[in-house]
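Enquirer: Before I ask anything, let me first share the structure, which is written out below as structure tokens.
The values are calculated or read from the model by the stated rules, or taken from the named source; none is laboratory data. Everything numeric here is computed off the predicted structure, so don't read it as measured data. Note: ideal-geometry Cβ built from the backbone for every residue, glycine included; neighbour counts use all protein chains shown. In case anyone asks, the SASA skips ligands and DNA or RNA and just uses the protein heavy atoms, side chains included. Shrake-Rupley method; radii C 1.70, N 1.55, O 1.52, S 1.80 Å.
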Amino acid sequence: MYDHQEKIIKIVIIDDHQLFREGVKRILAMENNFEVVAEGDDGSVAMQLVETHNPDVILMDINMPKVNGVEATRQLIEANPDVKVLILSIHDDETYVTHVLKTGASGYLLKEMDADSLIQAVRVVAEGGAYIHPKVTHNLINEYRRLAADPSSDTAIGFREVEYRRPLHILTRRECEVLQLMTDGKSNRSIGEALFISEKTVKNHVSNILQKMNVNDRTQAVVEGIKNGWVMVN
């Protein structure tokens, strides 16, 4: 439960499907300090909405009829590098995701997300972090595995002859377990169910892992874990 005195997080939703926007607004309304200040149905209105409402987070669909979310995000961040955009998409292909994130977006969510994932993603991005849907993280890891298996790939150098070893000099045993399950693409809820702990406890463990590993988000933690041989990639 969050304190009522917390700063209001102002949110703009840009998606061409009104029913989807309504569903997202209902989820966000569950949080006392979330406020949807504006909404639009195309990327062409993004700049105007941001200038008018100065939101903390923009939820941006990708597939829109006039100006798509990728182009709108690129324009927004070129004009204001501090803008925080959380992409909403049906695409989980790692090549597609990488292309979108290169625009400067702070996060990437699949539209199959649950309510908890959406709320967590908005909070993480609003605080300056990055959030990537667990399923997407799993696909990105598979891409790293493919590159690592290719001797001609520069990425392979960072992975070659890595011995599996738990980072007990940095993380606790429980944090090692959580990091492994993050690598497996599990959400916080799934990790909690696997370890028989609450989702809140999982969030605390994830926060500790990011701090101890000196990384900004889950994806960086997983990639560093793989590079250092701290997790098993099945």
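Enquirer: Scanning for something outside the structural domain of Ile119 (by the TED database), in contact (Cβ under 8 Å) with a residue 60 or more places away in the chain and open to solvent by 20 Å² or more (accessible area, probe 1.4 Å), does region 169-185 turn up at least one residue?
Expert: no
Enquirer: Just a yes or no: is a residue in region 210-231 in a loop (DSSP other than H, G, I, E, B), acidic (Asp, Glu) and modelled with pLDDT of 65 or more? I'd like the intermediate steps shown before the answer.
Expert: Kept after step one, since they are in a loop (DSSP other than H, G, I, E, B), are these residues of region 210-231: 214-217, 228-231.
Checking the rest, the ones that are also acidic (Asp, Glu) come to 217.
Pick out the ones that are also modelled with pLDDT of 65 or more and you get 217.
Scanning region 210-231 turns up at least one residue that is in a loop (DSSP other than H, G, I, E, B), acidic (Asp, Glu) and modelled with pLDDT of 65 or more.
Enquirer: Moving on to the next point. Can you name the residue in region 1-27 that is of a type in the set (A, V, I, L, M, F, W, C) and part of a loop (DSSP other than H, G, I, E, B) and, of all such residues, is modelled with the lowest pLDDT? Explain how you work it out, then say what you get.
Expert: If we filter region 1-27 for residues that are of a type in the set (A, V, I, L, M, F, W, C), which is where we start, we get 1, 8-9, 11-14, 19-20, 24, 27.
From what is left, the residues that are part of a loop (DSSP other than H, G, I, E, B) are 1, 8.
Working: Met1: 44, Ile8: 93.
Applying the filter and picking the extreme gives Met1.
Enquirer: I've got another one for you. Testing Asn33 on (1) of a type outside the set (A, V, I, L, M, F, W, C); (2) out of contact with any helix residue (DSSP H, G or I) (no Cβ under 9 Å at 6 or more places or on another chain); (3) closer than 24 Å to Pro134 by Cα, one condition comes back false. Which one is that?
Expert: Only one criterion in (1) of a type outside the set (A, V, I, L, M, F, W, C); (2) out of contact with any helix residue (DSSP H, G or I) (no Cβ under 9 Å at 6 or more places or on another chain); (3) closer than 24 Å to Pro134 by Cα is unmet by Asn33, namely (3).
Enquirer: Quick one: which residue in Arg146, Arg160, Arg165 is modelled with pLDDT under 75, touching a Gly at 6+ places or on another chain (Cβ under 8 Å) and charged (D, E, K, R)? If you could, list the steps in order and put the result at the bottom.
Expert: Numbers: Arg146 fails: touching a Gly at 6+ places or on another chain (Cβ under 8 Å); Arg160 fails: touching a Gly at 6+ places or on another chain (Cβ under 8 Å).
Criteria check complete, one pass: Arg165.
Enquirer: Run down Asn54, Asn63, Asn32 and say which single residue is modelled with pLDDT under 90, polar (S, T, N, Q) and surrounded by fewer than 18 Cβ atoms within 10 Å (Cβ to Cβ). I'd like the intermediate steps shown before the answer.
Expert: On the way: Asn54 fails: modelled with pLDDT under 90; Asn32 fails: modelled with pLDDT under 90.
Result of the check over Asn54, Asn63, Asn32: Asn63.
Enquirer: If I ask for residues that are of a type outside the set (Val, Ile, Thr), modelled with pLDDT of 90 or more and open to solvent by less than 30 Å² (accessible area, probe 1.4 Å), which ones from region 66-80 would you list?
Expert: Ala72, Leu76 - these are the residues of region 66-80 that are of a type outside the set (Val, Ile, Thr), modelled with pLDDT of 90 or more and open to solvent by less than 30 Å² (accessible area, probe 1.4 Å).
Enquirer: Only one of these conditions is not met by Gly43: (1) loosely packed, with under 15 Cβ neighbours inside 10 Å; (2) in contact with an Asp or Glu (Cβ under 8 Å, 6 or more places away or on another chain); (3) farther than 26 Å from Arg189 by Cα. Which number is it?
Expert: Result: Gly43 passes all but (1).
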